[in-house]
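Quick notes on the structure that follows.
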Amino acid sequence: MDDQKLSKINLDISENDKLILSSIDKFLEKDVKPYVKEFESEDKYPQDIADKMAELGLFGATISEDYGGLGLSAVTYSKIVENVSSVWMSVSGIFNSHLIMCAAVEKFGTDEMKNFYLPKFATGELRGGIALTEPDCGTDLQSIKTKATKDNTNYKINGTKTWITNSVQGDVLAVLVKTNSEISPPHKGMSLLLVHKDQGYVPRKLKKLGYRGIDTGEVQFKDVEIPLENLIGTEEGRGLQQILSGLELGRINVAARGVGLAKAALDDSIEYSKTRKTFGKPISNHQSIQIKLAEMATRLEASRLLTEQAAIAYDSGRRSDLQAGMAKLYATETALFNSTEAMRIHGGFGYSPEYNIERYYRDAPLLAIGEGTNELQKIIIAKQLVE
Ligand SMILES: Cc1cc2nc3c(=O)[nH]c(=O)nc-3n(C[C@H](O)[C@H](O)[C@H](O)COP(=O)(O)OP(=O)(O)OC[C@H]3O[C@@H](n4cnc5c(N)ncnc54)[C@H](O)[C@@H]3O)c2cc1C
């Protein structure tokens, strides 16, 4: 869709950030687009792409410049996520989950932890993600069973995490554990620990419908010992709050992924509808196809505006959880809608791996599950309305 045809929110993007966005667009065109099919179909980790992202500074995108990061605003960062996701959504997960871990360290870590880890996180020398979900619970995180017991020098961790992105290829995870299982409410006994793969956790790659290429795994912790200094923060019992405090930005990012995917589905559909002919004319001349395109474009535009507004609110320091929740809900449902409509517009070819449509259709559902399911999102939005 020609973006020039639409009026725009005036986004406050500096000249320097515009240069960053333009170099990422070049990288997507040259180093990602030609390789998506190969890596996606074989579910192969795109190591070269990850290494080039490190060169571009993406692993430090939201880490402050004091620690060697790019210190980008939510507005610029969400534009990057949107553009990356319009080419291949999996690539955005390689740095997104990593940056959620980094944000927890930067916000709550001790100076010693920040000085040691953040420069290495920013260059991508150490890469990772967050390990919250367990086989028996994802939404209801207060029910986790993974435990860390402590002696004078170490925590010893036992338990299983699942669906953990970057757990196989990454080096380190922020792991949500129970350091006290007796206390009520349970979140007061939950802590966040930074654990290195070489300290002994064992990841196993899982097969997935979509979001392929990137490694998502089950992770076993069996008597894994880490030093007490790897607790994020200075006191136990803050882990759930620490991880939930990153959710506003996390939701804006998932919304941006939805916008990128919805845009790709629409753009491919417009192109296809102009060339595919039935009954002597391009299918774009049939009203039923026009109605689909109009609805896809309108929902896409609404999703983008919601996402941009949420990012602007976040950058201004205003409370933005309601806007971020609405953007996440609407943009991810739009990604699902647009990918399904794109499939219909492409007819039988929408079902073939020759076209990108079937990938959008497989990738989109994850957006409705991750970073708080959309069912939960509605409950959270409603709670704030009646508060
Ligand atoms: C590809 C992929 C990557 C992932 N990456 C990560 C990662 O890096 N780190 C990580 O920790 N996790 C990750 N996850 C896990 C993800 O965050 C969880 O799947 C998600 O939080 C949902 O949890 P669940 O699967 O246990 O579903 P459940 O919590 O069991 O929910 C099942 C259904 O019940 C609904 N439901 C639950 N509670 C309520 C309620 N109170 N009211 C109404 N409806 C409710 C949910 O909306 C959902 O529809 C990933 C998942 C996938 C598929």
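Coordinate-derived values only; no laboratory data. As the structure is a prediction and not an experimental result, all values here were calculated from the model. Here Cβ is always computed from backbone atoms with ideal geometry, including for glycine, and neighbour counts include all displayed protein chains.
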Expressed in nanometres to one decimal, the distance between label points 7 Å along Cα→Cβ at residue 373 and residue 55 is 4.2 nm
Once you keep just the Cα pairs under 8 angstrom separated by 6 or more residues, what percentage relative contact order results for the stretch 128-238? 31 percent
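Explain nothing, just the number: relative contact order of the chain, from Cα pairs under 8 Å at least 6 residues apart, as a whole percent.
Relative contact order comes out at 16 percent.
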Comparing 210, 138, 348 in a Gaussian network model of the chain (Cα, 10 Å), the one with the largest mean-square fluctuation is 348
For a quick check: with amide H placed at 1.01 Å from N, whose amide H comes under 5 Å from residue 155's, ignoring anything fewer than 5 positions away on the same chain? 226, 228
Of the trypsin sites (Lys or Arg not before Pro) in the stretch 265-336, those whose Cβ has at most 15 other Cβ within 10 Å and which sit in DSSP loop: 276, 318, 319
Run the simple label-point estimate for residue 220 and residue 158 please: 7 Å along Cα→C-beta, distance reported in nm. 1.4 nm
Charge dipole (debye, nearest 20) of the chain; +1 at Cβ of Lys and Arg, -1 at Cβ of Asp and Glu: 1080 debye
Once the dipole of the stretch 3-123 is set up with Lys and Arg at +1 and Asp and Glu at -1 on Cβ about the Cα centre, which of 89, 118, 102 lies farthest towards its positive end? 89
If you fit an axis through the alpha-carbon atoms of helix 321-345 and take the longest principal axis of the Cα set of the chain, what angle between them do you get, 0 to 90°, nearest 10? 40 degrees
Rounded to the nearest 10 degrees, the helix 47-56 long axis (Cα) sits at an angle to the longest Cα principal axis of the chain of 80 degrees
Using only Cα atoms, locate the centre of the stretch 347-362 and the centre of the stretch 132-194, then give the distance between them in Å, rounded to an integer. 38 Å
Between residue 162 and residues 5 or more places away or on another chain, which pairs have amide H atoms under 5 Å apart, with H built 1.01 Å from N, and which residues are they? 133, 134, 219
At 0.36 nm per residue, and after removing the present C-alpha to C-alpha distance, how many nm does the segment from residue 385 to residue 112 gain when stretched out fully? 94.2 nm
Starting from the Cα-Cα distance between residue 275 and residue 290, subtract it from 0.36 nm times their residue separation and give me the gain in nm to one decimal. 4.0 nm
Expected unfolding gain across residue 234-residue 35 under the 0.36 nm per residue rule, minus the alpha-carbon gap, is 67.2 nm
If I build a Gaussian network model for the chain, linking alpha-carbon pairs within less than 10 angstrom, which residue out of 332, 340, 307 has the largest mean-square fluctuation? 340
Just grab the label-to-label distance for residue 204 and residue 142, each label 7 Å out from Cα along the Cβ direction, in nm (one decimal). 3.1 nm
When the chain is modelled as a GNM with alpha-carbon springs shorter than 10 Å, which of 262, 104, 294 fluctuates the most? 294
Per the helix-only calculation at 222 nm, which mean residue ellipticity applies to the chain, given -39500 (n - 2.57) for every DSSP H run of n ≥ 4 and division by its residues, nearest 500 deg cm²/dmol? -16500 deg cm²/dmol
For the stretch 204-220, just list the computed ³J(HN,Hα) in residue order, Karplus coefficients 6.51, -1.76 and 1.60, θ = phi - 60°, integers in Hz, with x standing in for Gly and Pro. 10, 5, 9, 7, 9, 4, x, 6, 8, x, 6, 8, 10, x, 8, 10, 9
Angle in degrees between helix 15-27 and the longest Cα principal axis of the chain, rounded to the nearest 10: 70 degrees
Set the Förster distance to 41 Å, then compute FRET efficiency between residue 344 and residue 23 from the Cβ-Cβ distance, nearest 0.05. 0.70
